[in-house]
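The values are calculated or read from the model by the stated rules, or taken from the named source; none is laboratory data. Being a predicted model, the structure only gives us computed values, none of them experimental. Here the Cβ positions follow ideal geometry from the backbone for every residue, glycine too, while neighbour counts run over all protein chains shown. These accessible areas exclude ligands, DNA and RNA; they are computed on the full protein's heavy atoms, side chains included. Shrake-Rupley method; radii C 1.70, N 1.55, O 1.52, S 1.80 Å.
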Amino acid sequence: EKGGYDHFMLKEIFEQPKALRDTLSGRIVENGHVTLNMEELKLDPAELRAANKVCIVACGTAYHAGFVGKYIIENLARIPVEVDVASEFRYRNPLVDAHTLMVVVSQSGETADTLAALREAKGKGAKVFAVTNVVGSSIAREADAVLYTWAGPEIAVASTKAYTTQLLAMNLLALALAEARGTLSAEEISEIAGAMREIPKQVEDVLNAAGEVRMVAEKIKKWNDAFFIGRSIDYAVAMEGSLKLKEISYIHAEAYAAGELKHGTLALITENIPVIALATQEQVLEKTISNIQEVKARGAMIIAVAQEGNKEIVKFADVLLTVPRTHPALTPILAVVPLQLLSYYTSVVRGCDVDKPRNLAKSVTVE
Ligand code: M6R
């Protein structure tokens with residue numbers, strides 16, 4: 001049942017190219033122009049045009065996918081996006097009305113808080129769009145429209161292939177919004193769509209370097225703390241990397257917006273402490289590098305994740321993990337893979353129960 005892998009998590013990490021291919025299938029037509037099958041979605045372009053804000057609500061890893069979605073949707077479709085964890089959204093008397101496009105993200109489609117947030121938003125007249133992996137789940141049934149991620153069953157408690165397919169879904173939604181709202185030219189849409197098609201193969205390339213990540217796990221295994229830093233969309237990826245490490249290896253980890261470190265957290269950076277620095281975003285690269293220098297000057301061990309051919313980062317990283325180049329909106333799908341592998345191997349070398357971490361359930365159906 002684990003298909004020759006030691007754990008479900010590793011199997012699911014390696015299933016990502018297929019999961020991504022399946023999730024893209026039929027949603028982008030041959031000429032590279034995005035169709036995002038409006039019929040499948042039951043979303044009216046007129047409604048997408050009329051929306052004045054998007055609210056993304058989810059828990060855990062799905063929330064992190066939503067956080068990436070905020071950057072992508074705001075950038076490509078030029079519409080304000082709020083992101084909330086579901087257990088907070090409900091109790092803050094959210095400003096939601098008929099012009100809000102509510103997006104709920106849930107692998108299982110059964111998370112109690114996310115479902116309650118969906119109901120709350122619907123009750124206030126919002127259109128609810130769900131991104132879920134389970135056909136016929138409560139969230140799929142109650143939403144007005146559904147974009148399924150075709151990741152296949154995810155058994156390991158730590159979410160991997162559901163997350164990367166959710167990221168793809170965020171891109172598809174952003175393009176649908178951009179198309180309906182006229183914020184991108186046909187060429188720009190087709191360029192991103194073309195880049196999306198390359199992603200499954202590029203994930204395969206990252207997976208081929210799994211052995212390097214395994215060696216990094218040896219370096220961080222004895223640490224009780226680690227930091228994940230990044231700017232812009234890389235900050236969102238840092239959040240997911242940090243959760244993954246905590247969840248299955250029980251190493252305390254924190255994700256920080258790289259520029260925010262010096263406002264307090266830098267005090268915790270000591271000799272050899274692992275800092276996993278995400279540096280995939282060209283437009284903030286220089287700034288990220290200066291943050292890396294700040295922590296390096298305090299003796300931190302820098303494990304950098306950057307795009308291939310990045311000449312600058314080589315000078316500062318103790319360990320460099322590279323990912324192929326792609327459109328900036330798609331880099332999280334590649335950058336998270338080494339972080340998933342890092343958590344996995346660290347969990348294994350620390351002797352933890354990888355697939356069933358203590359205190360956690362796969363689907364949280366209590367509020
Ligand atoms: O099924 P859902 O996507 O709604 O689940 C949300 C979270 O419970 C889930 O992502 C959780 O954070 C994972 N264990 C993370 O790996």
### Helix-only mean residue ellipticity at 222 nm for the chain, each DSSP H run of n ≥ 4 adding -39500 (n - 2.57), per residue, nearest 500
-14000 deg cm²/dmol
## Note on the structure
Rounded to whole angstrom, the alpha-carbon centroid of the stretch 296-346 lies from that of the stretch 105-134 at a distance of 33
### Query
Using a 1.4 Å probe on the protein chains only, how many percent of the accessible area of the chain belongs to carbon and sulfur?
50
### Message
I need the trypsin sites (Lys or Arg not before Pro) found in the stretch 90-177, filtered to DSSP loop residues with at most 15 other beta carbons within 10 Å of theirs.
### Response
Lys124
### Task
Assuming a ≥ b ≥ c are the square roots of the Cα gyration tensor eigenvalues, decide whether the stretch 70-192 counts as rounded (a/c under 1.5), prolate (otherwise, with a/b larger than b/c) or oblate.
oblate
### Query
For Ala277, which sequence-distant residues (separation of 5 or more, or a different chain) have an amide H within less than 5 Å of its own amide H, given hydrogens modelled in the peptide plane?
Ile229, Ile303, Ala304, Val305
### Message
Using the Cα centre of the stretch 293-356 as origin and beta-carbon charges of +1 (Lys, Arg) and -1 (Asp, Glu), tell me which of Pro338, Val354, Val295 is placed farthest towards the positive end of the dipole.
### Response
Val295
### Query
Which whole number of Å³ per residue matches the convex hull of the alpha-carbon atoms in the stretch 229-367?
127
### Query
Between Ser185 and Lys311, what is the FRET efficiency for a Förster distance of 30 Å, r being their Cβ-Cβ separation, to the nearest 0.05?
0.40
### Query
Does the stretch 81-141 come out rounded, prolate or oblate, given a ≥ b ≥ c as the square roots of the eigenvalues of its C-alpha gyration tensor, rounded meaning a/c under 1.5 and, failing that, prolate meaning a/b above b/c?
prolate
### Message
Please report the spacing between the Cα centers of the stretch 149-164 and the stretch 1-80 in Å, no decimals.
### Response
13
### Task
For the stretch 104-220, report the accessible area per residue in Å² (1.4 Å probe, heavy atoms, rounded to an integer).
32
### Summary
Judged on accessible area alone, 1.4 Å probe, highest first, Asp97, Asp234 line up as Asp97, Asp234
### Task
Mind putting a number on the dipole of the chain about its Cα centre? Charges go on the C-beta only, +1 for Lys and Arg and -1 for Asp and Glu, and I need it in Debye to the nearest 20.
500
### Out-of-range pairs (alpha-carbon distance over 30 Å; input Lys2/Lys244; Lys42/Lys70; Lys201/Lys296; Lys219/Lys315; Lys124/Lys356; Lys221/Lys311)
Lys201/Lys296; Lys124/Lys356
### Query
From the Cα gyration tensor of the stretch 152-215, with a ≥ b ≥ c the square roots of its eigenvalues, which class applies: rounded if a/c is under 1.5, or else prolate if a/b is larger than b/c, or else oblate?
oblate
## Note on the structure
Within the stretch 95-114, the residues whose backbone N lies under 18 Å from a label point placed 7 Å from the Cα of Lys124 along the Cα-to-Cβ direction are 95-105, 113-114
## Note on the structure
For the stretch 185-294, listing trypsin sites (Lys or Arg not before Pro) in a DSSP loop whose Cβ sees at most 15 other Cβ atoms within 10 Å gives Lys222
